[in-house]
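Have a look at the structure below before the remarks.
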Amino acid sequence: MATKPIVNVVGLCGSLRKGSYNRGLLRAAMEISKESIEGLNIEYVDISPLPFLNTDLEVDGTFPPVVEEFRQKILQADSVLFASPEYNYSVTGPLKNAIDWASRPPNVWADKAAAIISAGGGFGGGRSQYHLRQIGVYLDLHFINKPEFFLNAFQPPSKFNSDGDLVDADTREKIKAILLALQAFTLRLQGKCE
């Protein structure tokens, strides 16, 4: 029996807050992939060190070292898992900044599969997801369509503990479904379908 190809995923959190629920979703996704999904590896990549996009920082066709390191992580990944809250009906400033740095020529997002998970109030970050999908069209970033994942983090019962760790079993199952769909879609885009 052949082993499943490894799908390497970069996990990006649009919130810089230490106790972020969205960071908690990413931690849970990493745990789930290690525990129960063969062939899926998620690496969290911190976007907080990135400077504000400023093309004056590009010198002789090179990027600042921290930006180049980030771009290489995206380039080497097979797919991307975004976890981000909604700010003013859109993606967060830090996430948009990271997207913009990685889209500078050559665009390192192109032809990657992606998925979005989000936690917040009301619609659970849904409007930011729709905006991120619009941005992805221009970047040639291909999002899974289903399942969708929007989590109202404040609706009882409690989904997170005081450290921001996901403790809700039903929510973990929904994240697992997202990860399995991302894995399958990534392999399909790469022509490695089972």
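The values are calculated or read from the model by the stated rules, or taken from the named source; none is laboratory data. Note that this is a predicted model, so its numbers are computed, not measured. Backbone-built Cβ (ideal geometry, glycine too); neighbour counts: all protein chains shown. The area values use the complete protein model at the heavy-atom level, side chains included, leaving out ligands, DNA and RNA. Shrake-Rupley method; radii C 1.70, N 1.55, O 1.52, S 1.80 Å.
A compact table of results
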read-out	value
Near pairs, Cβ below 7 angstrom, 6+ apart or cross-chain, from the range 34-45 (closer than 24 Å to LEU75 by Cβ) to any residue that is modelled with pLDDT under 95 and not polar (S, T, N, Q)	GLY39/LYS4; GLY39/PRO5; GLY39/ILE6; ASN41/ILE6
Residue ID - most open to solvent (accessible area, probe 1.4 Å), chosen from residues in the range 1-13 that are out of contact with any strand residue (DSSP E or B) (no Cβ under 7 Å at 6 or more places or on another chain) and in contact (Cβ under 8 Å) with a residue 12 or more places away in the chain	THR3
Residue list for the range 1-15, restricted to those being in a loop (DSSP other than H, G, I, E, B) and under 17 Å from ASP100 (Cβ atoms)	GLY14
Selection count where residues are closer than 21 Å to GLU38 by Cα and open to solvent by less than 80 Å² (accessible area, probe 1.4 Å), scope the range 144-188	18
Leading residue by the ranking (farthest from LEU26 (Cα to Cα)) among those in the range 142-185 that are within 14 Å of the chain's Cα centre (by Cα) and among the β-branched types (Val, Ile, Thr)	ILE144
Residue within the range 36-46 that is small (Gly, Ala, Ser), closer than 30 Å to LYS4 by Cα and open to solvent by 30 Å² or more (accessible area, probe 1.4 Å) present	yes
Among the candidates GLY126, GLY122, GLY93, residue that is open to solvent by less than 60 Å² (accessible area, probe 1.4 Å) and modelled with pLDDT under 95	GLY126
Residues (open to solvent by 10 Å² or more (accessible area, probe 1.4 Å) and either touching a residue at least 12 places away in the same chain (Cβ under 8 Å) or assigned to a strand (DSSP E or B) (or both)) located in the range 16-31	LEU16, LYS18, GLY19, TYR21, ARG23, ARG27, MET30
Flag for GLN134 being modelled with pLDDT of 95 or more and open to solvent by 70 Å² or more (accessible area, probe 1.4 Å)	yes
